[in-house]
1. When both residues are 6+ apart or on different chains and their Cβ atoms are under 7 Å apart, which pairs have a first residue that lies in segment 285-303 and is at negative phi, and a second that is among the hydroxyl-bearing types (Ser, Thr, Tyr) and assigned to a helix (DSSP H, G or I)?
2. Inside segment 275-366, counting only strands (runs of 3 or more DSSP E) that do not spill past its ends, which hold 1 or more residues that are surrounded by 21 or more Cβ atoms within 10 Å (Cβ to Cβ), of a type in the set (Gly, Ala, Ser) and touching a Gly at 6+ places or on another chain (Cβ under 9 Å)?
3. Hey, LEU194 hits all of (1) at pLDDT 95 or above; (2) part of a helix (DSSP H, G or I); (3) surrounded by 21 or more Cβ atoms within 10 Å (Cβ to Cβ) but one; which does it fall short on?
4. Could you please find all residues in segment 195-217 being within 18 Å of ALA99 (Cβ to Cβ) and touching a Phe, Trp or Tyr at 6+ places or on another chain (Cβ under 8 Å)?
5. Do we have any residue at all in segment 176-186 that's crowded, with 18+ Cβ neighbours inside 10 Å, in contact with an Asp or Glu (Cβ under 7 Å, 6 or more places away or on another chain) and part of a helix (DSSP H, G or I)?
6. Is it the case, given these coordinates, that LEU150 is of a type in the set (A, V, I, L, M, F, W, C), within 30 Å of ALA428 (Cβ to Cβ) and buried (at least 17 other Cβ atoms within 10 Å of the Cβ)?
7. Residues in segment 219-267 that are of a type in the set (Ser, Thr, Tyr) and either more than 30 Å from VAL160 (Cβ to Cβ) or in contact with a strand residue (DSSP E or B) (Cβ under 7 Å, 6 or more places away or on another chain) (or both): how many?
Amino acid sequence: MTQTEASYHRVPDEVPPPPSGCPVTGFTPFATDYLADPYAVLDGMRDTPVFYSSELGYLVVTRMEDVSEVFLDPETFGSQNVQDPVFPLSHAAQAVLAAPDFNPVAVMSNRQPPDHGRIRNHTKRGFSNRRMRILEPYIRRRSHDLADALLAAGSPADFVPVFAHPLPGETIFRFIGFPTSDDEKLKGWCSDRLAFSWGKPTEAEQTEIAHKMLAYWRYCRDFVAAKVDDPGDDFTSELLAVHKADPAELTYREVESIVYGLSFAGHEIVSHFLSNSLICLLSRRDQWDQLGADPSLMPAALEEVLRFESPQTSWRRVANVDAKVAGVKVPAGTNIFLSLAAANHQPDIFENAGEFDIHRHNARNHISFGKGIHFCLGARLARLEATVALEVLAEQIPSLRLVEGQSLERFANITFRGPRRLLVAWDA
């Protein structure tokens, strides 16, 4: 894979040694107990807020104040590693991504200042009030359609493929401007990025995902090229207008790369958000019924989902220079694992942190969307999708419930948390 400092994906470099004087553990997010309940594992490690994972080759940071400090110091702690595979790629996967035309560049989550600010200023305009007003009727209409599809599937049904996976994917495709006729193909190409950058895929899986990434990148390039002469009322056309007005302000390759990156950011993570919301709420029937009776409670309920069972349980940084984290000396080049899950369950911030409560007064103090210059641009859209989806489900299928006794299998990766399948049932 052709690799430069500006590459969107980079193969991991050699792992620096553990910081001197830092506790070293065998902690890994791939452990069975962590995948089942990361919060219990992390609660048992609170006496050691900073430690080094020999399994990952990362410094692990768990306290909210320390996680926030790293987020808020982008000069010291860079984000250039957040889209990189955790483990080295196989030669076969690297060969696929060595195609001369596979050359997306870092643009948002993994771009460093000052370029990050320049690109973000133009990208955030796409998430305007007007764009949200355009998208909301579509999200509501598709939510009703997918609720109908769930009912048509018959009780019980798997919520993930019928509702949770299609809605966010199709929403972000409409936002970008992709035609509906390409939805199934696009969802097929975009659905495995989680495993590539944050998982531990086999060599065969790496190669398969690499082929999908290459196909999707080529699609994005062709789509952007077509929009140059045929603009519409969509995010891609807005970016191209900025480029046309001043090519130095937003380069053509950056436009292509923003389109390439957005599909994942707005898809699998939001799918997990929807599924996790049902897991939290349907297993506490009184709180689900309260939402059905009073939809005004929905925003606070979703903030509690984001705190209690976030679809994103960690994020990454790398030390650009020699630094300190919670008093530990961290050499330049050290990869850092920021445990959002631990911070969101910190007992001195969130009273009875292990309990789910839609009436929690400070649930919005969670850190699931990050902090600082890289705060998630899609947070507003994710909240909108979840709000509308749950409103529709509560209205259209009020007896919706989780199938009792099912075992929830989560995707094995270091960052994102959601079920592979979620069986739900309802009264006929």
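The values are calculated or read from the model by the stated rules, or taken from the named source; none is laboratory data. Since we're looking at a predicted model, the values are computed, not measured. Glycine gets a Cβ as well: all are built from the backbone with ideal geometry, and neighbour counts include every protein chain shown.
1. Once the first residue is at negative phi and sits in segment 285-303, its partners that are among the hydroxyl-bearing types (Ser, Thr, Tyr) and assigned to a helix (DSSP H, G or I) give MET298/THR387; PRO299/THR387; LEU302/SER277; LEU302/THR387.
2. 314-319
3. Against the list (1) at pLDDT 95 or above; (2) part of a helix (DSSP H, G or I); (3) surrounded by 21 or more Cβ atoms within 10 Å (Cβ to Cβ), LEU194 comes up short only on (1).
4. If the condition is that a residue be within 18 Å of ALA99 (Cβ to Cβ) and touching a Phe, Trp or Tyr at 6+ places or on another chain (Cβ under 8 Å), then GLN206, ILE209, ALA210, LYS212, MET213, LEU214, ALA215, TYR216, TRP217 are the ones that fit.
5. Checked against the condition, which is being crowded, with 18+ Cβ neighbours inside 10 Å, in contact with an Asp or Glu (Cβ under 7 Å, 6 or more places away or on another chain) and part of a helix (DSSP H, G or I), segment 176-186 yields at least one hit.
6. yes
7. So the count comes out to 4.
Per-residue answers, yes or no, for (1) in contact (Cβ under 8 Å) with a residue 12 or more places away in the chain; (2) surrounded by fewer than 21 Cβ atoms within 10 Å (Cβ to Cβ); (3) of a type outside the set (D, E, K, R):
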{"position": "GLY44", "(1), (2), (3)": "no, yes, yes"}
{"position": "VAL60", "(1), (2), (3)": "yes, no, yes"}
{"position": "GLU69", "(1), (2), (3)": "yes, yes, no"}
{"position": "PHE77", "(1), (2), (3)": "yes, no, yes"}
